[in-house]
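The structure under discussion appears below in the form of structure tokens.
The values are calculated or read from the model by the stated rules, or taken from the named source; none is laboratory data. The model shown is predicted, which means the values in this text are computed figures rather than measured ones. Virtual Cβ from ideal backbone geometry, glycine too; neighbours counted across all protein chains shown. The protein model used for the area step is the full one, side chains on, heavy atoms only, and it has no ligands, DNA or RNA in it. Shrake-Rupley method; radii C 1.70, N 1.55, O 1.52, S 1.80 Å.
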Amino acid sequence: MAKIKVLILRGPGTNCDVETAFGFELAGAQVDSAHINEIVRRGKALSEYQILTIPGGFTYGDDISAGKILANEVRLKLADEVQRFIAEGKLVLGICNGFQVMVKAGILPHLHDSSLHCLTLAPNDSGKFECRWVYLRVNGESPCIFTKGIRSMYLPVAHAEGKVVIQPEMRENLNVVLWYADETGDIEAGYPHNPNGSFGNIAGICDESGRVFALLPHPERHIQGIQHPRWTRDKLKGYGDGFQIFLNAVKWVEGI
Amino acid sequence: MLFRIEVFPKRSLPDLRGEALLRDIHDLGIVHVREVRVSDIYSLEGDLSPEELTGICLELLVDPVIQEYFCYAGWDSDTKEAEEKGAYSVEVAYNPGVMDPVEYSVIKGIVDLEITGVRSAKTSRKYVIKGELTQSDLQSICNKLLVNPVVQHVVKGQDIIELPRAAYRFGKITLDLANMNDDQLMELSRGGLGLDLAEMREIRRYFSTLGRNPTDVELETLAQTWSEHCVHKTFKGRIKFGDTTIDNLLRSTIMRATEELGKPWCLSVFRDNAGVIDFDGRYALCFKVETHNRPSALEPYGGASTGIGGVIRDPLGTGLGAKPILNTDVFCFGPPDFPYDKLPKGVLHPRRIFKGVRAGVADYGNRMGIPTVNGAILFDERYVGNPLVYCGTIGVLPKSMSQRGQQKPGDMVVLVGGRTGRDGIHGATFASVELTEESEKVSASSVQIGNPIAEKKLVDVLLQARDRGLYRRITDCGGGGLSSAVGEMAEETGVRVYLDRVPLKYAGLSYTEIWISESQERMVLAVPPTKVDELVELFASEDVEATVIGEFTDDRRLQLFFEGNLVCDLEMGFLHGGRPPVEREAVWEQPYHVEPDFLEPVDLRDDLLRILGSWNVCSKEWVIRQYDHEVQGGSVIKPLVGINNDGPSDAAVIKPLLDSEMGVIVSCGINPRFGDIDPYLMAASAIDEALRQIVAVGGNLKKVALLDNFSWGNPTKPDRLGALVRAAQACYDMAVAYGTPFISGKDSLYNEYEVEGKSICIPHTLLISAMAVMEDVSKAVSMDLKQVGDLIYIVGTTYNEMGGSHYYGLHGFVGNNVPEVDPGRGKRLMDALALATEQGLVEACHDCSEGGIGVAAAEMAFAGGLGMTIHLERVPLGEHITRNDFILFSESNTRFLLEVAPANRLVFEKTMEGIDFALVGEVTNGETLDVYGVDGRRVLSASLAELKEAWQKPLRW
């Protein structure tokens, strides 16, 4: 069968595109990477792809606020394409800066205007950029396609603006996929286990369908066992915890 | 019409920046400040309807979930009444012409909203400080925390929003050198040329033979090209050292070692922007380390960010262009607890320099998506007025593209990347003179703020252009700007440049300013005429400017035109070969320091805790966590390792190609304390240390390349130069003996600080950076203890070499018996140890350096969360030593502490046959480090918790 096609959307300052592409390729997909201009100027069409990914980075330097300017470009210049893409039952993944872009573009927590300005990613409580590894607990109730069969993960975060802040009225119908936790799975462990002070220790969310997913930690930085910070202490594993996210996505599309 | 928008956190939420600033204010001893709130101000100049203004606020500048805002027309804020009494408001903005990337993003974001009425945007920051404080308190808060006059000012009344629009009116300037006497020549030189009398005379002679006077831009070009910064005239000149004369110190030491070693895997050394070695037969690695000391002293954030930005462009400008894969940083500062009242005039406090440099390097490196994986931070009072900031970058490129390109006559000169402004004018010549109290004033224009995203865009599109073969040669615009970049590129051919074609940030630059501007994020390409259109189109597709500014010729002349007027016409022969060689005197005599006389303490616990807690040894986690050291997904051995990911790794191991198991190891050696006794042994020790770290993480010496970065005092002073010669000779001896060639280097001289007529020289500081190729990263070893019951070995010989040690420093002494290096034995030892790690016989390995065996043991124990015993009477000694403190804290070179599983004992000992090593202890399940002395008595017992706390506390900021 033809390979699943993944589009990685780049902007000025995107910097996790190569390792993200590697994760999808290892999972058997064919990956194209395109600059936002190329999509806006119709050089490439979203419709040719089954999975859209907005990777990590500092798009436009995170000037004004993280992901804001790329979010506006997506919201104002690609609104129809993105809506159609999601309506057609395809997958969207946002990682770190991609998460910031998706909430500020109104793609998450829900794809309609009321979704805009109901949730944001604020500066970390520590006031610092935080590059550290975190334990994640997966919400078993979540419809998320990307995390099917995963109960916990160990992944690195690297961000300055990762604190999930939600308008009170929105807290009810939010689809939480990932919580920050400690090695025992306790999600109330506090800083630095929750590296940014996120409300409810939220690290990742998805839409009702489970096909649109965004997370702050970097699964693409734990594809191989040798990326684990303690592989020299523990047994060296072939694959890292993050790989399953990419594999799940590709397998799910192959399954339909 | 002017509109101002003030954005600040909702009152219901914490103001994190305000809280951080409040802590800093209290640190200044100003305790009556209760609260600080910080808001961002966007000043927009243009015509906007109320709806448009609201749109800009709500859809772009403000995050309504967490922020509120005021918005008003004109200068007069109506926010005053919003502030209760007893609140002081300070607004700080960048000086006109200082680049603030956010301003570009704001304009772009507004255009995306399809609002076209905004002509210019300026950002500023407002601090509202609440509490009882005097005017002098407020002054010192401004001076010490909020404002750096080099790039910022306090906004009072109306401020400049729009950059100068007045066009430059051309007028060719020539200088009447012919009729100048020596005094007048030197007066002219001091005006920013930085040339010495012999050089000025030679220029006068040259132009008299041409029968004309030079133009200002011709003089500037010669000054740039002949500056210490660009040609390293000291290293390449003639030095009288005692009764010997050294012709070209660089060639006769560092480069000579590389030539004699003749390693086939050295692909391009000392000729391109970075040194290049083979990686795996398909790919090559290149490495360059630069210093950015002066700018960082004056504006730490901007100086450091442009430092890292500049060194990233070196690999990018090497061969046909390399992808940057990792950064390294080494900083030398004054002590963070240096008293404010002892601070020399015009000098920023070390703590502020430290924080600013850290932020500058992190913000630039993180935004570039390059992991910062290795470095060091050292502290000494002599760095107070003259901090050192070393930035390094390794790049990977196809081996077939590893050689410097060569343009053909008729190829176009294409300038790509950022626009040109007045930034950094005279940066190169400024870097070649001593700092003074006045530097702050005279050199404001040579300090700038970097724009990492402009550079990231440049990297992304350049690598595509490279792979499409759209250019024949590339180089970076660094010190000296176009003058150096184009001038060097065209040496073998000749070039014509039309300066009026260079895209400018703002109007008003003269032809000379355009030519010597050091605006960041620019590269120069040599492009075949047939490829120009495709190249310009490719760059445009990612919003990067590419402009044809001239063409290469075959007349070996440098010709510059402005609006059709010839303003510069120099022969390449004179420009690059006409400089009179410098001749300098050098002397060296070993200083004598008081020999310590204090009794051996009965218990060594306190001494170990104090060494662990010293600024140089203590944990740098506060810095490391704010660098993205994971991006690109290649990190195998991270800067922090161990059961809690917080132990100090010896070196970093990176996997540059995601689908290959081959790795690159990067490490650094630096120890200025030894230089106070003997620069030769300082250099030898630095090289030994860098190599130790590579072997400690499981590497070997088969394919190791070295870089030298000398930060030194004024080379016209014979004693400084004598020390430099000693250090360079050690580089030759060690490189040859260890079989590790130098591939690149840089020197930063004149690191002296003039205060009240007296010159303070930095410690002679040689940074050795090392890069090693690793065949199989799964063989890597980390330094944290792994398993209870494992054996602890020491490999290497311990001598009574306490000179320059931290232990002596702790007791107020320097001493004289500085550690020596026996590279012959050292190489045999490291080869044997590499064989052991290769066979997987080593569970953990840590090199003994600062603080000797004591610090190495403590770090291994608390990193692994396991106890350890050490028996000093079993430590192999090179001479008779009875004192336990000397054995425990001696900093003798070429020593390692190892953990080996009992099952591997025999194989390991067989592998190490003929090497000085001993079984000195074991890993325990206790919570303590226990050290037993030569008489079997326990001389130290400390809990892992207290050891780790002592080590982590100082920089837990």
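Just a few scattered comments:
- Computed from backbone phi, the HN-Hα couplings of the stretch B:266-278 come to 7, 8, 7, 10, 6, 10, 10, 5, 8, x, 10, 10, 6 Hz, rounded to whole numbers (Karplus: 6.51 cos²θ - 1.76 cosθ + 1.60, θ = phi - 60°; Gly and Pro given as x).
- Counting DSSP beta bridges with both ends in the protein assembly as shown, the antiparallel % (nearest 5): 80 percent
- Taking GluC sites (Glu not before Pro) across the stretch B:878-908, the ones in a DSSP loop with at most 13 further Cβ atoms lying within 10 angstrom of their Cβ are B:Glu879.
- Prolate/oblate/rounded label for the stretch B:141-253 (Cα gyration tensor, a/c 1.5): oblate
- Among the lysines of the stretch A:5-254, pairs at least eight places apart or on separate chains and with Cα atoms under 19 Å apart come to 14.
- Tilt relative to chain B, helix B:197-210 - C-alpha long axis, 0 to 90 degrees, to 10: 40 degrees
- For chain B, adding -39500 (n - 2.57) for each run of n ≥ 4 DSSP H residues and dividing by the number of residues yields -9000 deg cm²/dmol at 222 nm.
- Applying the Karplus relation 6.51 cos²θ - 1.76 cosθ + 1.60 with θ = phi - 60° to the stretch B:138-153 yields 3J(HN,Hα) values of 4, 4, 6, 4, 4, 5, 8, 10, 9, 10, 10, x, 4, 10, 10, 8 Hz, where x marks Gly and Pro.
- Averaged over the residues of A:52-63, the number of partner chain Cβ atoms lying within 10 Å of the residue Cβ comes to 5.
- Label positions at B:Ala903 and B:Lys408, each projected 7 Å from the Cα along the C-beta direction, are separated by 6.4 nm.
- All lysines inside 23 Å of B:Lys240 as judged from Cα atoms, apart from same-chain residues fewer than 8 positions distant: B:Lys717, B:Lys746
- Relative contact order computed over the stretch A:5-254 (Cα-Cα under 8 Å; 6+ residues apart), in percent: 19 percent
- Ellipticity estimate at 222 nm from DSSP helix runs (n ≥ 4, -39,500 (n - 2.57)) divided over chain A, nearest 500: -6000 deg cm²/dmol
- Relative packing of B:179-187, B:386-394, which averages over residues the other C-beta atoms within 10 Å, highest first: B:386-394, B:179-187
- Annotation: amide H of A:Gly197 within the under-5 Å range of A:Asp125, sequence separation 5 or more or interchain, hydrogens built in the peptide plane.
- Burial ranking of peptide ranges B:760-770, B:19-29 (average Cβ count within 10 Å, highest at the top): B:760-770, B:19-29
- In this structure, the residue pairs whose Cα-Cα separation is over 29 Å, taken from B:Lys10/B:Lys130; B:Lys345/B:Lys638; B:Lys786/B:Lys953; B:Lys144/B:Lys456; B:Lys288/B:Lys408; B:Lys702/B:Lys910, are B:Lys345/B:Lys638; B:Lys144/B:Lys456.
- The stretch A:5-254 - share of DSSP beta bridges that are antiparallel (%, nearest 5): 60 percent
- Comparing A:Leu93, A:Leu26, A:Leu215 in a Gaussian network model of chain A (Cα springs below 10 Å), the most mobile by mean-square fluctuation is A:Leu26.
- Among beta bridges that DSSP assigns inside chain B, antiparallel share in %, nearest 5: 85 percent
- Most fluctuating residue given options A:Arg151, A:Arg171, A:Arg230, as computed from a GNM of chain A linking Cα atoms under 10 Å: A:Arg230
- Cα shape, the protein assembly as shown, gyration tensor, a/c 1.5 rule: rounded
- Cα-based helix-to-principal-axis angle, B:16-27 vs chain B, degrees rounded to 10: 70 degrees
- Taking packing as the residue-averaged number of other Cβ atoms within 10 angstrom, the listed peptides B:815-821, A:46-52 run from highest to lowest as B:815-821, A:46-52.
- If R0 is 51 Å, the Cβ-Cβ spacing of B:Glu35 and A:Asp234 corresponds to a FRET efficiency of close to 0.60.
- Label-point separation in nm, B:His880 to B:Trp265, each point 7 Å along Cα→Cβ: 4.6 nm
- In this structure, B:Asp597 and A:Arg41 have a Cβ-Cβ separation that, at R0 = 51 Å, corresponds to a calculated FRET efficiency of about 0.05.
- Average beta-carbon neighbours from other chains, 10 Å sphere, peptide A:209-220: 1
- Here each label is just a point 7 Å from Cα along the line to Cβ, and for A:Arg84 and B:Lys342 those points are 7.1 nm apart.
- Built amide H within the under 5 Å cut-off of B:Leu267, gap 5+: B:Val276, B:Ile277, B:Asp278
- For the stretch B:297-305, 3J(HN,Hα) per residue [Karplus equation, 6.51 cos²θ - 1.76 cosθ + 1.60, θ = phi - 60°, Hz, x = Gly/Pro]: 5, 8, 9, x, 5, x, x, 6, 5
- Overall dimensions of the stretch B:287-336, expressed as equivalent-ellipsoid semi-axes from the Cα gyration tensor (√(5λ), whole Å, largest first), are 24, 11, 8.
- Residue ranking by accessible heavy-atom surface, 1.4 Å probe, largest first, among B:Arg17, A:Arg10 comes out as B:Arg17, A:Arg10.
- R0 of 22 Å, Cβ-Cβ distance B:Ala507-B:Ile107: FRET efficiency to nearest 0.05: 0.80
- Neighbour cut-off at most 14 other Cβ (10 Å), DSSP loop, chymotrypsin sites (Phe, Trp or Tyr not before Pro), the stretch B:1-82: B:Trp75
- Residue order for B:Trp622, B:Trp615 - accessible surface, 1.4 angstrom probe, largest first: B:Trp615, B:Trp622
- Cut-off under 5 Å, modelled amide H: who pairs with B:Tyr283 long-range: B:Lys399
- Across peptide A:14-24, the mean count of Cβ atoms from other chains lying within 10 Å of each residue's own Cβ comes to 4.
- GluC sites (Glu not before Pro) within the stretch B:457-498: DSSP coil, no more than 14 neighbouring Cβ in 10 Å: B:Glu492
- Chain lengthening between B:Ala167 and B:Leu2 when straightened (0.36 nm per residue, less Cα-Cα): 57.1 nm
- Between helix B:532-541 and chain B there is an angle of about 80 degrees, using the helix long axis and the longest principal axis of the Cα atoms.
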